[in-house]
Amino acid sequence: MHSFYSRSVSTLPIHGKKVEITAIVRRFRCRNPKCVKAVFTAQIEGLTERYSRRSVSARGFLREFLVPVPATVGARQATASGIPISASTALRIVYGAEPRIDYGSIKRICIDDFACRKGQTYRTLIADADTGLPVEIIGSRDESDVAKALKKYKKVSVVSRDRAGAYSKAISKARPRARQVADRFHLVKNCGDHVKEALRNNQLAIREEVERHAQTPPASKASSLFHPPTPEDIGLFNKARELRSKGRSLESIARELGSSRRRITGICNSDAPHGRKVTTPKMILPYLDTIEKGIAAGKGYKRILADILESGGSISLEALTRGMNKLYPLYRPGRGDPPGAEKKNLVMAKEQAKDPANFLSSGRLHIYLMNPDYGIDKKTGKCTLEHILAEKVVNASNMLLQLRECHTSFRNILSGDSPEALDEWIKKYSRTACKDMASFAKSVIKDIRPIKNAIRYSISNGLIEGLNNKIKALKRSMYGRASDKLLWIKMYRTGIMKLQQI
């Protein structure tokens, strides 16, 4: 024994008050002249560590506490709880929590990129597919950097990735025996993007097919003037009618119930409660015959509305105006028969009305093309008017039917268990007349093995896509000032905490 000395360490607070432990510890001297440690100090088991001014329990608490939050926020909260530290100390504690990863034992990984600064700098994240934890952040997404990092994963047998060519080449270069699995979500999305491009490139041909075959929806599908009343609407109706029966003015009722005078007036003039008005342009579809007769006679919107109401229809003036402005944009209502140039515009407006696709933008049509069940109530099976119109448009065009079949069959193959079915799909659509779908089929040929592996194996990039969202949130909380190492430590430790809670 060499000597004694007094040592103080701070530990966990009691009721928010700072606590320090002072201990008399021993120093030892080694008599061996070859020993590097000439003098060393004894440690109190479970309490002290070398060069530490905090106890083991306090340091462990701070490490778990500081990992998920920014250094400045963590330092402020730790100080308020009874362990005063600075932001720099908080960073050092988090850096000290760097985990030790055995890269040689990992067997399955997922790899994807994320934006450090969107459109400028990108990083690559690698995650363990078996544990769900991020194991490494690579400073770029270049083929050479990724290949260099993958060389230490000696036992990796399966790698899930998106369709990026750089990752494909890097995996083939660093781990040639590993099976590459293309992510199914990205494959379906790529197919959908090609379908969308085909819609854009063949718009005129599709419209011609629709004009020849499509018909307007039947009048029985007409919507009512109002949405069904909610419990709030019914309660407001009963209170307003009760106050009105007591002789209260409309202004006082509106002021007491916190509503507008216009709404209270409508409630007092109606016989039953109703919801808000329906004013969608598609409401005019069941009344196109009446509207065209009114247009031919040069009638205005109000006179056309009167004809619709006389024939038993139900539509508001606002909905009629919106629908006619969308379906007959060239028509300008006037008195009598439209002369000269206006008659020519009327003919063009009628031609436009023959195409129901005017009510569906390319984006909306793309949704119904990819999802045939979109717009159908799962409980009642009731179809929306837009769904009925979209189905008429799709069924009226051979090209749209072919695009839907192409996308649906490809998605079914990916969710099935027969990789051989992919060969038949490629053979069928690589020779199709639609250049966009043929181009996608040829791109599938270039990546055929990873895509077939996606059918065979259940692994996907869904895990790492979720980690990417979390890492972006952490990155924003650090204001972009932290290193990739700190970002990875925070991600890894946060994942460990969640696994421990589970």
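The values are calculated or read from the model by the stated rules, or taken from the named source; none is laboratory data. Everything numeric in this text was worked out from a predicted model, so none of it was measured. Note that we place each Cβ from the backbone using ideal geometry, even for glycine, and neighbour counts take in every protein chain shown. Heavy atoms of the whole protein, side chains included, go into the accessibility calculation; ligands, DNA and RNA do not. Shrake-Rupley method; radii C 1.70, N 1.55, O 1.52, S 1.80 Å.
Rounded to whole Å and sorted largest first, what semi-axes of the equivalent ellipsoid does the C-alpha gyration tensor of segment 380-502 yield via the square root of 5 times each eigenvalue? Numbers along the way, then the final one.
Details: eigenvalues 326, 100, 52 Å².
Over the Cα atoms of segment 380-502, the semi-axes work out to 40, 22, 16 Å.
How much length would be gained if the chain were fully extended between residue 3 and residue 325, taking 0.36 nm per residue of separation minus their Cα-Cα distance, in nm to one decimal? Present the calculation step by step, with values, prior to reporting the outcome.
Details: separation 322, 0.36 × 322 = 115.92 nm, distance 9.59 nm.
106.3 nm is the gain from fully extending residue 3 to residue 325.
Kirkwood Rh, segment 145-195, all Cα pairs: how many Å?
After inverting the pairwise mean of 1/r, the radius is 11.7 Å.
Taking just the alpha-carbon atoms of segment 123-162, what radius of gyration and Dmax come out, in angstrom?
10.1, 27
Based on alpha-carbon positions alone, could you give the equivalent ellipsoid semi-axes of segment 408-477 from the gyration tensor, as √(5λ), descending, whole Å?
Ellipsoid half-lengths, sorted descending, are 31, 16, 9 Å.
Determine the share of the chain's accessible area contributed by carbon and sulfur atoms, expressed in whole percent, with a 1.4 angstrom probe. Walk me through the intermediate numbers first.
Numbers: 14600 of 28690 Å².
Here it works out to 51 percent.
Quick one: work out the % antiparallel among DSSP beta bridges in the chain, nearest 5. It would help to have the intermediate numbers written out before the result.
Values: 27 of 35 bridges.
So the antiparallel bridges amount to about 75 percent of the total.
Looking at (1) 24.8, 77; (2) 40.5, 152; (3) 35.1, 119, which value of Rg and Dmax of the Cα atoms in Å comes from a calculation on the structure shown?
(3)
Per residue of segment 235-240, in order, report the coupling 6.51 cos²θ - 1.76 cosθ + 1.60 (Karplus, θ = phi - 60°) as ³J(HN,Hα) in whole Hz, putting x for Gly and Pro.
x, 5, 4, 5, 5, 5
Counting Lys and Arg as +1 and Asp and Glu as -1, each charge on the Cβ, what is the dipole of segment 90-173 about the Cα centre in debye, to the nearest 20? Show your work: numbers first, answer last.
Details: 17 positive and 11 negative charges, 41 e Å.
Roughly 200 debye for segment 90-173.
Using the Cα gyration tensor of segment 2-71, with a ≥ b ≥ c the square roots of its eigenvalues, what is the shape: rounded (a/c below 1.5), prolate (a/b larger than b/c) or oblate (neither)? Mind dumping the intermediate values first?
Details: a/c = 4.11, a/b = 1.97, b/c = 2.09.
Here segment 2-71 falls in the oblate category.
Give the distance, in whole Å, between the Cα centre of segment 377-410 and the Cα centre of segment 1-72.
Using only Cα atoms to place each centre, the spacing works out to 70 Å.
Hey, if you put +1 on the Cβ of every Lys and Arg and -1 on every Asp and Glu Cβ in the chain, which of 89, 426, 368 ends up farthest toward the positive end of that dipole?
Of 89, 426, 368, it is 89.
Using only the Cα atoms, what convex hull volume per residue in Å³ does segment 251-332 have? If you can, show how the numbers build up before the last one.
On the way: hull volume 9.9 nm³, N = 82.
In segment 251-332, the Cα hull volume divided by residue count equals 121 Å³.
In Å and from the alpha-carbon atoms only, list the Rg and Dmax of segment 91-210.
Using the Cα atoms of segment 91-210, the pair Rg, Dmax is 19.0, 69 Å.
Which three extents, in angstrom, do the Cα atoms of segment 16-138 have along their principal axes, listed largest first?
The Cα atoms of segment 16-138 stretch 58, 44, 28 Å along their principal axes.
Taking the Cα centre of segment 138-208 as origin and charging only Cβ (+1 Lys, Arg; -1 Asp, Glu), how large is the dipole, in debye to the nearest 20?
Numbers: 18 positive and 8 negative charges, 128 e Å.
Approximately 620 debye in magnitude.
Under the 0.36 nm per residue contour assumption, what length would be gained going from the current alpha-carbon distance of residue 435 and residue 250 to full extension? Each step should come with its number before you reach the end.
Working: separation 185, 0.36 × 185 = 66.60 nm, distance 6.49 nm.
Between residue 435 and residue 250, full extension yields 60.1 nm more.
Per residue, how many Å² of accessible area does the chain show with a 1.4 Å probe?
On the way: 28690 Å² over 502 residues.
That works out to 57 Å² for each residue.
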